[in-house]
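Q: Below you will find the structure I want to go over with you.
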Amino acid sequence: IPTPVFIDVTYNEDAAEVSIPAEAVGVTCSSGTDPDVVLSLDSAVTTEYYYRVKGTSASGSLTVNSAYKFTMLLQGLDLTSQTTSPAIHLNCGKRIALILQENTVNTLTDNALNEKKGCLYTKGHLEIEGGGVLNITGNARHALAAKEYIQLKKSTGYINILAAAGDGIHCGKGDGDPENNYFKMNGGTVSFSDVQGDLIDCDDYGTAYINGGTLNLTVDGYDSKGLKADSLIYMTGGTVNLTVSGTTAIGIQTNYAAYFSGGTISGTVDGMQATGIKGNNAKSSVTVLDGGNLYFSGTQVGLDVTGVAPSYGVYSEKDICITGGTLSFTGITDNAPGYKAKGEVTGEDYSSWTEEEEETQ
C-alpha cells in the first residue's frame, strides 16, 4: 500500500495557506494565498492524493480540479463563499471520498450569486464517511448537490442541511447512466430545516436506497417532498422520521415504484392532501417501469394521520401489495383513511380488510 500524499489547506480569515509537498507531482495552486483556493491536478497523473482542509474564512472557497479520484478530509472547517463559486466545488468526474474527521464540526455556506447547483457541489461520485459533523447552507440553489451519485457510508456522522433555496440534497443530470444516479444511505444521521424545495431529490430517473442510518424528514410547504426519487426507492433498513405538513406535502415519493423490506418509518402527516408515502405514476413514455406501485414486505410503518381530508399515510396511484412488515395508522377520521390505492390492495396480511376497517385502521 503506497504512503498517502497529503496536500494541506488552512484558512485564516482573509488568507489561506496551501502546502503542496514535492511528492504531490502534478498538483498546482493558482490562487496563491487568496482565500478563494483553486487546486488543479495534471490530467496525466493517476495517483490518488489526500486533501486536508481546516480553518475559518468568511470570504473563502475551495475548488479542486482533478481528472483522477481523490480523498478530502474536513478537519474543522468553517467556510463562507462571497463569490459566484460554491463554498466547495469538487470538479472531478471520478470517485470523491469526503471524510468528516471525528470530533470536528464543518460548516459550509455559499453566496446567493453562486453559479453552480450547490453550496457543496461535486461533478462525480461523492462518498461521505467519518464521524464528524457537516452543516450546509445553500443560499443560491441546493445545499449538497452532485451530478452523479451521493453515498453515505456506515461510519458517517451527522449531516445538517440548515437551509436551502432549492433542494437540500440533489443528485442527477450526470452522465445519463441511471446506475450512476442515486442517493444511497448506509449510515449517519441527516436532518433538514428551512428547505424551499425537496429535502432529497434523486432527479433524472434517479434511485434512492435507504439501508441504514436515520433520516429526519420535516416537510412543511406547498407541494414539498421529503425523499423523492424519479425512478425507484428501496428501503432495507434504517429509520425515517417523517413530519409532514402543508398542502399536498409528501414525506416519501417514488415516481415509479418503491420496495419497503426493512427498517422503520414513523411520524405525523398533517395538512390538506398531505401524504406520508406516495407511489406516483409518472406516465413516462421512455420507461418500462410499472408506475405507482408500492410493495411492503418488512418495513414497520406507523404514522399519525391528522390532516384535513383527503390526507393519507400511504397512497398509491396503482397498487399496494403487503406481504410483511406492518402498516399502522392513528388519528384517522372517516374522511381521512390511513391508506388508499387507485388499483388493488393485495397481500395475505390485508386481503380481508373491509371498507369499514380501512377507515378505522
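The values are calculated or read from the model by the stated rules, or taken from the named source; none is laboratory data. These numbers come from a predicted model, not from an experiment. In this analysis, Cβ positions are derived from the backbone assuming ideal geometry, glycine residues included, and neighbour counts consider all displayed protein chains. For accessibility, only protein heavy atoms count, side chains too; no ligands or nucleic acids. Shrake-Rupley method; radii C 1.70, N 1.55, O 1.52, S 1.80 Å.
Q: Could you please report the charge total around Thr63, scoring K, R as +1 and D, E as -1 over all other residues with beta-carbon less than 15 angstrom from its beta-carbon? Let's see the in-between values first.
A: Numbers: positive: Lys116, Lys117, Lys123; negative: Asp34, Asp36, Asp110, Glu115.
Surrounding charge for Thr63 is -1.
Q: Filter the cross-link list Lys94/Lys184; Lys123/Lys184; Lys54/Lys225; Lys94/Lys225; Lys94/Lys278; Lys117/Lys228 down to pairs whose alpha-carbon distance in this structure exceeds 23 Å.
A: Long pairs (Cα-Cα over 23 Å): Lys54/Lys225; Lys94/Lys225; Lys94/Lys278.
Q: Related question: Under 1.5 on a/c is rounded, so check that first for segment 132-285, then, if it is not, pick prolate when a/b is larger than b/c and oblate when it is not; a ≥ b ≥ c are the square roots of the alpha carbon gyration tensor eigenvalues.
A: Rounded, since a/c falls under 1.5.
Q: Across every pair of different alpha-carbon atoms, what Kirkwood hydrodynamic radius in Å does the chain reach?
A: Final number for the Kirkwood radius of the chain is 21.1 Å.
Q: Something else now. Compute the Cα gyration tensor for segment 50-207, then decide on rounded, prolate or oblate, letting a ≥ b ≥ c be the square roots of its eigenvalues: rounded whenever a/c is under 1.5, prolate when a/b is larger than b/c in the other cases, and oblate in all that remain.
A: It is rounded, given that a/c, with a ≥ b ≥ c, falls under 1.5.
Q: Taking only the alpha-carbon positions of segment 1-61 and ignoring solvent, what does the Debye formula give for the base-10 log of I(q)/I(0) at q = 0.19 Å⁻¹?
A: Reported log10 I(q)/I(0), two decimals: -0.68.
Q: So if a site counts as exposed when it's one of the GluC sites (Glu not before Pro), its DSSP state isn't H, G, I, E or B, and it has at most 14 other Cβ atoms within 10 Å, what's the longest stretch of the chain without one? The partial results should precede the final answer.
A: Numbers: sites that count: Glu13, Glu23, Glu102, Glu115, Glu344, Glu348.
So the longest stretch without any such site is 116-343.
Q: Probe of 1.4 angstrom, ligands and nucleic acids ignored: what's the accessible area per residue over the chain, in square angstrom?
A: Ligands and nucleic acids excluded, the result is 40 Å² per residue.
Q: Could you pull out the trypsin sites (Lys or Arg not before Pro) across segment 83-161 that fall in loop regions by DSSP (anything but H, G, I, E, B) with no more than 15 other Cβ atoms inside 10 Å?
A: Lys94, Lys154
Q: Restricting to DSSP loop positions (anything but H, G, I, E, B) with no more than 15 other Cβ atoms inside 10 Å of their own Cβ, which trypsin sites (Lys or Arg not before Pro) remain in segment 163-251?
A: The qualifying sites are Lys173.
Q: Using a cut-off of 15 Å between beta-carbons, work out the net charge of the residues near Val25 (Lys and Arg +1, Asp and Glu -1, Val25 not included).
A: Taking every other residue near Val25 into account, the sum is -3.
Q: Then there's this: Within the chain, which is the longest segment containing none of the chymotrypsin sites (Phe, Trp or Tyr not before Pro) that sit in a DSSP loop and have at most 16 other Cβ atoms within 10 Å?
A: It runs 1-221.
Q: On the accessible surface of segment 56-112, probed at 1.4 Å, how many percent belong to carbon and sulfur atoms?
A: On segment 56-112, the fraction of accessible area on carbon and sulfur atoms equals 45 percent.
Q: Once you order the gyration tensor axes a ≥ b ≥ c over the Cα atoms, which shape class does segment 228-324 get: rounded for a/c under 1.5, otherwise prolate or oblate by comparing a/b with b/c? Don't jump to the answer; show the numbers that get you there.
A: Working: a/c = 1.95, a/b = 1.20, b/c = 1.62.
Cα axes put segment 228-324 in the oblate bin.
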